[in-house]
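Everything on this sheet refers to the single structure shown next.
Rule-based calculations on the coordinates, nothing more; no lab input. Computed from a predicted structure; not experimentally measured. We place every Cβ from the backbone using ideal geometry, glycine too, and count neighbours over all the protein chains shown.
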Amino acid sequence: MNLLVTGGAGYVGGAVARRLRAAGHQVALLDDLSTGHRHTIAGFDFVEADMADRAPVEAALRDRRIEGIVHMAALCLVGASVGSPEAYYDHNLRRPLVLLDLALRAGVRRFVFSSSAAVYGEPERTPIEEEHPTRPTNPYGETKLAFERALGWHAAARGMTVVALRYFNAAGATDDGTHGEEHALETHLIPNVLRAARDGEPVAIFGTDYPTPDGTAIRDFVHIEDLAEAHRLALLHPLPAGGMEIFNLGSGRGASVREVIETARRVTGRPIPVRTSPRRPGDPARLVAAHARAARGLGWRPQRDDLATIVDSAWRFATSRRG
């Protein structure tokens, strides 16, 4: 299949692109490199453009005869979305709507969307199933949900098939050790914990008064290789014209911030200093996935769902990048 991966220079996008290429697809990447890395796109057919830049996107879709789009380009920081909601509505809703319009005009009939567990907000129950009420507590989750809904309406009207994948917490590095998290502004827990292990600077624990066993927030971490495989399967998922389906992607296991830190201490063999800070606005206490629907519908099950395995892969990447 001829595929366009938006956000392909990023963390998840780079891993997904590698998996799709290994599976025999013709993969082109679209990225404006505002947060991605040029070395991530090495060896790929690459279009440097914003997804809302009509001329280069139209040309990319036409010249490469794109049949399917895997859309991962987005702003994705919960705290930043609370402080700058206008940027999130622009990047995560307005611009993707331009991309969607161009895709439909070009005859693209398959769309896989990188969504988020943030659409659920503060859950009523865990593990969270796809039927759980969607009540986002921050603009990041709100914009992801809004674009999901737009996809559903457009798919029904124009005969496109859509799979939305609601990620929980992507983590770890690819099996070959060459691709992992390297954000300029790192807000994700595991790489920050490992930075503390490597450099000795304290890692922040945001909130110690959550209604959880140890007072810290609980999250579901899913390995980047498992996420990549889910995208491959989503592209093969049979749906009728105009059909849309939503799947949670998580390990089904929750780990608290303190548990992640203790696991990292064991994996790295290093002391990891901590400092406590207030909760970040918009952060729910507990997010854990139910992934039975993905198992039934996609044949997907996480293969690397042990937290120590995830942390170890991220540690090997972090220390290799150190040089």
Restricting to DSSP H runs of at least four residues, report the calculated mean residue ellipticity at 222 nm for the chain, -39500 (n - 2.57) per run over all residues, nearest 500 deg cm²/dmol. -11500 deg cm²/dmol
For helix 11-22, report the angle its Cα long axis makes with the longest principal axis of the Cα atoms of the chain; keep it between 0 and 90° and round to the nearest 10°. 60
Taking the DSSP beta bridges in the chain as the whole, what percent of them are antiparallel, to the nearest 5? 5
Phi to ³J(HN,Hα) by Karplus 6.51 cos²θ - 1.76 cosθ + 1.60 over the stretch 176-191, Hz, x for Gly, Pro: 7, x, 9, 9, x, 7, 8, 7, 4, 10, 8, 10, 6, 5, 4, x
Please sort by residue number the trypsin sites (Lys or Arg not before Pro) in the stretch 23-83 whose DSSP state is loop and whose Cβ has at most 12 other Cβ atoms within 10 Å. Arg65
Relative contact order for the stretch 36-131 using alpha-carbon pairs under 8 Å, separation at least 6, rounded to a whole percent? 36
At a threshold of 8 angstrom on Cα-Cα distance, excluding pairs fewer than six apart, so keeping six or more, what relative contact order does the chain reach in percent? 20
Interchain or long-range residues, amide H under 5 Å from Val274's placed H: Val203
Taking amide H atoms as placed 1.01 Å from N in the peptide plane, list the residues 5 or more away in sequence, or in a different chain, whose amide H sits under 5 Å from that of Ile218. Arg286, Leu287
Most to least packed among 161-173, 262-274 [average Cβ atoms within 10 Å]: 161-173, 262-274
Over the alpha-carbon set of the stretch 20-137, divide Rg by the Kirkwood Rh and report the Rg/Rh ratio to two decimals. 1.01
Out of Gly43, Phe221, Leu287, whose Cα points farthest toward the positive end of the dipole of the chain (charges: +1 Lys, Arg; -1 Asp, Glu; placed on Cβ)? Gly43
³J(HN,Hα), Karplus 6.51/-1.76/1.60, whole Hz, each residue of the stretch 243-260, x for Gly, Pro: x, 9, 9, 10, 9, 7, 10, x, 7, x, 10, x, 9, 7, 4, 5, 5, 4
How long are the three semi-axes of the equivalent ellipsoid for the chain, computed from the Cα gyration tensor as the root of 5 times each eigenvalue, in whole Å, largest first? 31, 22, 18
Under a 5 Å amide H to amide H cut-off, with H placed in plane at 1.01 Å, what residues pair with Leu33 once short-range neighbours are removed? none
If we sort 219-228, 18-27 on the protection proxy, mean other Cβ atoms within 10 Å, highest first, what's the order? 219-228, 18-27
Along the stretch 81-86, Karplus-curve 3J(HN,Hα) (6.51, -1.76, 1.60; θ = phi - 60°) to the nearest Hz, with x for Gly and Pro, reads 5, 5, x, 9, x, 4
Could you work out the per residue convex hull volume over the alpha carbons of the stretch 198-293, in cubic angstrom? 143
Can you work out D for the stretch 21-72 in µm² s⁻¹ from Stokes-Einstein, where Rh is the Kirkwood radius over C-alpha pairs, the temperature is 10 °C and the viscosity is 1.306 mPa s? 135
